[in-house]
Amino acid sequence: MTKHIHFTKMHGAGNDYIYVYTPEYPIEHPEAASIAWSKFHFGIGSDGLILIGKSDKADFSMRIFNNDGSEAMMCGNGTRCVGKFVYDHHLTDKTEITLDTLSGIKKIQLIVENGKAVAATVNMGEPVLSNKQQLATPTGSMTAGTITADGIEYIGTYVCMGNPHFVIFVDDVMSIPVSEIGPKLEFNPIFPERCNIEFAQIREDGSIRMRVWERGSGITMACGTGACATAVAACLNNKTGRTSQVEMDGGTLTIEWNENDNRIYMTGPAATAFEGDIELDE
């Protein structure tokens with residue numbers, strides 16, 4: 001049976017996903033839909049598919065599927081866009097929204113201009129610095145530690161923001177062949193659940209220039225959880241303070257690691273590209 005699904009294409013700093021409100025348009029096999037729809041030239045084209053639903057724990061729920069069909073625990077840029085989606089589509093009149101995700105309840109504070117949400121601050125929770133399921137070291141942690149791939153050593157720091165990240169500081173981030181190194185590190189045996197890989201350069205003004213290889217998606221224009229992890233890693237390695245401007249290929253996010261509650265607050269834009277309908281065979 002073929003049915004039509006209404007979608008909204010949105011992006012946060014260039015990190016673009018296809019958004020569907022499932023109470024109106026249920027999708028039985030989102031893994032397959034994400035693979036098919038995310039293809040450029042043959043589909044809508046995106047980093048993946050995000051399903052917005054109802055929740056008995058929060059205002060709304062969010063499920064994230066990468067463009068390879070794998071399900072992600074969390075997406076910072078996607079969280080801001082979900083906030084914009086539900087507000088702009090008049091599903092809520094709240095500017096403070098709670099969102100049920102696989103990595104817990106996230107709180108979104110919308111920034112509204114002329115009746116539309118244009119940006120948001122998200123309480124991303126506390127960073128996790130030790131997890132033996134995600135990092136196969138004796139302590140499940142690593143700060144400025146060494147990983148070897150194809151005989152080359154990479155020095156990096158592990159940070160979990162609901163999903164695992166490995167942040168590598170470099171002198172010239174634009175010279176790094178991310179498409180070559182990224183998958184080798186993503187699938188390195190030290191990461192049993194695979195890993196997001198960030199390459200970051202500290203600029204003279206204290207800002208951070210970051211590029212990312214996302215687990216399950218490859219190179220993306222931005223990664224919200226990756227920006228958070230990078231800011232945390234920079235602070236842990238005494239390269240920055242607790243607030244950082246993290247510039248990625250698609251835009252800049254402000255990341256604050258609050259000293260009082262140990263939580264990460266991410267502020268950045270959310271934008272709608274276009275809406276449309278697509279056929280789904282089930």
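Each semi-axis of the equivalent ellipsoid for segment 114-247 is √(5λ) with λ an eigenvalue of the Cα gyration tensor; in descending order they amount to 23, 17, 16 Å. Here Cys195, Cys235 are placed in order of increasing Cβ neighbour count within 10 Å, fewest first, which gives Cys235, Cys195. With a sphere of radius 12 Å drawn around the Cβ of Ser61, what net charge do the other residues whose Cβ falls strictly inside it have (Lys, Arg +1; Asp, Glu -1)? Here the count lands on +1. Segment 36-110 and segment 212-282 have Cα centres lying 14 Å from one another.
Using only side-chain charges placed at the Cβ, +1 for Lys and Arg and -1 for Asp and Glu, the dipole size of segment 145-262 relative to its Cα centre rounds to 140 debye. Cross-link reach is defined here as a Cα-Cα straight distance under 13 Å, omitting same-chain residues fewer than 8 places apart; for Lys94 the aspartates and glutamates meeting it are Asp59. Subtracting the Cα-Cα distance of Met1 and Ala136 from 0.36 nm times their residue separation leaves 44.1 nm of extension gain.
Using a Gaussian network model of the chain in which every pair of alpha carbons under 10 angstrom is joined by a spring, one finds that among Asn67, Asn258, Asn15 the greatest mean-square fluctuation is at Asn258. Based on DSSP H segments of at least four residues, each scored -39500 (n - 2.57), the chain has a per-residue ellipticity at 222 nm of -4500 deg cm²/dmol. In whole angstrom, segment 193-236 maps to an equivalent ellipsoid with semi-axes of 20, 11, 7, each derived as √(5λ) from the alpha carbon gyration tensor and ordered largest first. With respect to the chain, whose longest principal axis is taken over its alpha-carbon atoms, helix 76-88 is tilted by about 20°. For the cross-link pairs Lys84/Lys107; Lys9/Lys39; Lys9/Lys84; Lys3/Lys57, the ones whose C-alpha atoms lie over 22 Å apart are Lys3/Lys57.
In whole percent, what relative contact order does segment 145-262 give with Cα contacts below 8 Å and a gap of six or more residues?
20
Using a Förster distance of 25 Å, how high is the FRET efficiency between Glu193 and Thr254, based on the Cβ-Cβ distance and rounded to 0.05? Plugging the Cβ-Cβ distance into 1/(1 + (r/R0)^6) gives 0.30.
Here, each number is a calculation from the coordinates, and none is a lab measurement. None of these values were measured; they are calculated from a predicted model. As a convention, Cβ positions derive from the backbone with ideal geometry for all residues, glycine included, and neighbour counts pool all protein chains shown.
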